[in-house]
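Notes follow the structure.
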Amino acid sequence: AAEGADAIATRIEALAQENRRIHEAECFNLNPATNVMNPRAEALLSSGIGSRPSLGYPGDKYEMGLEAIEEIEVIAAELAAEVFGATHAEIRVPSGAIANLYGFMATCRPGDTIIAPPASIGGHVTHHAPGCAGLYGLRILEAPVNADGYTVDVAALRLLALAERPRLITLGASLNLCEHPVREVRAIADEVGAKLLFDAAHQCGIIAGGAWRNPLDEGAHLMTMSTYKSLGGPAGGLIVTNEAGLAERLDAIAFPGMTANFDAAKSAALAVTLLDWRVHGRAYAAQMVAVAQALAAALEDEGLPVFKAAQGATQSHQFAVEATGFGGGQAASKTLRRAGFLACGIGLPIAPVVGDMNGLRIGTPELVRWGVTPEDATRMAGLIARALRGNDPDALLPEVSEWRQSFDRLHYVT
Ligand code: PLP
């Protein structure tokens, strides 16, 4: 018999609770692409404003009765600009992927050439042919990779840019181990008349907290990001810039271009998230980096092959383990899931693994939010190493879950 609507709704509610239990009681989340929200921000997502109209500009909305939403929209945009040290912030952005599309639309026309970091160093699909760059009709060239490190090769990039005259160069990736040469690439962009977009989908948190140089200060024309990764906010996107002309174009792309009504509850939740960065950002960002460095060192002490860039395992809140010996990054992640650790694969500039990624990506935004410190690194690395090396990861789950449950209070939230 067909399941009744009420039963299906009840089941969906139970599934949501089960997802919460897995993330907040059973497992440690080692995935840098997610976080736990401030409960006050999370509550705003179901505050009833998200399904109301929001079409138009604050002070000049199409529908009536939206005075309160108008104020929230202005506060959120002002806080975003403040936290990222920018003159302009565009918050009407559904996701990090669409933030990149806005960036491409603001700087390029279909048929133009861009240069973007390749997947082998964590370059994101949105900058490439199958992603929004390709779908928007851009011609995409892969940036040359620095042989010693985990970023672009500046000298080779300059030669490519001089030969190809791109309209846009992008930096920033899904794995960022060491600082990118933003100043040097801006100089190349100036030489060939290109703009520079820094994709801070992952780095935005430690940029907001001052633990990573702000690409806007270093010369990026645009900085795009996801709001739910290291930033710890609702699922969405954000773009900041100090360029008035680009800000004007982004404004027109956001409305009436790519959004009409947008989710005001998300703007409210983002505003509360950004306040956490104003108050706790420095301490949170510094701790994310400290825990990543301690965990990378402890995993290396366990004999795991931690990937090294020129400056070592990481200057960031994320790092990678070479996963060739574990059947690949996704295979290793499935093993870790059984032991109570959540992670996923990533591309590394090492030998490929057929049918899988060759790296395992590890990050600390959620660990640190739950109170994990560098002192916990040795025990955690021991459990991760046993899970990956032993042949019975399920046997570790009770110990891991019990330890996980001792981290029951959120840190760095107002
Ligand atoms: N850019 C980079 C570098 C990413 O890693 C991601 C990851 O998802 C994105 C963009 C897309 O962000 P979103 O998931 O918010 O669309």
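No value in this document is a laboratory result; all are computed from the given coordinates. Treat the numbers as computed from the prediction; the structure is a model and nothing was measured. Every residue, glycine among them, receives a Cβ derived from its backbone with ideal geometry; neighbour counts consider all protein chains shown.
Could you list, in their original order, any pairs among LYS195/LYS229; LYS266/LYS334; LYS229/LYS308 whose Cα atoms are separated by more than 30 Å? Those over the limit are LYS266/LYS334. For the stretch 273-414, the Cα gyration tensor yields ellipsoid semi-axes of 25, 19, 13 Å (square root of five times each eigenvalue, largest first, whole Å). Its DSSP H runs of at least 4 residues, each contributing -39,500 (n - 2.57), put the calculated 222 nm mean residue ellipticity of the chain at -13000 deg cm²/dmol, to the nearest 500. Inter-label distance, LEU162 to ARG139: 2.0 nm, where each label sits 7 Å from its Cα along the C-beta direction. Using the Cβ-Cβ distance between ASP217 and ALA7 with R0 set to 56 Å, the FRET efficiency works out to roughly 0.55. Annotation: average projected area of the stretch 206-269 is 4.9 square nanometres, based on the convex hull of Cα atoms across all directions. Placing dummy labels 7 Å off each Cα toward the beta-carbon, the span from SER51 to ALA155 is 6.1 nm. Sorted into 20 angstrom bins from 0, the C-alpha pair distances of the chain split as 27, 56, 17, 0 percent.
Principal axis extents of the Cα atoms in the stretch 64-187, from largest to smallest and rounded to whole angstrom, are 56, 31, 24. Out of every Cα-Cα pair in the stretch 249-312, what percent are more than 17 Å apart? Summing the P(r) of the stretch 249-312 above 17 Å gives 67 percent of all pairs. Relative to the current alpha-carbon distance between GLU82 and TRP403, full extension at 0.36 nm per residue lengthens the span by 111.8 nm.
Highest-first packing order for the peptide set 268-274, 384-390, 61-67 is 268-274, 384-390, 61-67, based on the mean count of other beta carbon atoms within 10 Å.
For the stretch 286-357, the extents of the C-alpha atoms along the principal axes are 35, 29, 19 Å, listed from largest to smallest. Just so you know, the Rg over Rh for the stretch 1-153 is 1.06, from Cα atoms, with Rh as the Kirkwood radius. Converting phi to 3J(HN,Hα) with the Karplus coefficients 6.51, -1.76 and 1.60 and the offset θ = phi - 60°, the stretch 347-363 yields x, 10, x, 10, 4, x, 10, 5, x, 8, 7, 9, x, 10, 9, 10, x Hz in sequence order, with x at every glycine or proline. Computed extension length for ALA395-ALA129: 91.5 nm, one decimal, from 0.36 nm per residue of separation with the Cα-Cα distance subtracted. Each principal axis of the Cα cloud of the stretch 164-301 was evaluated for its coordinate range; sorted largest first, these ranges are 50, 41, 22 Å.
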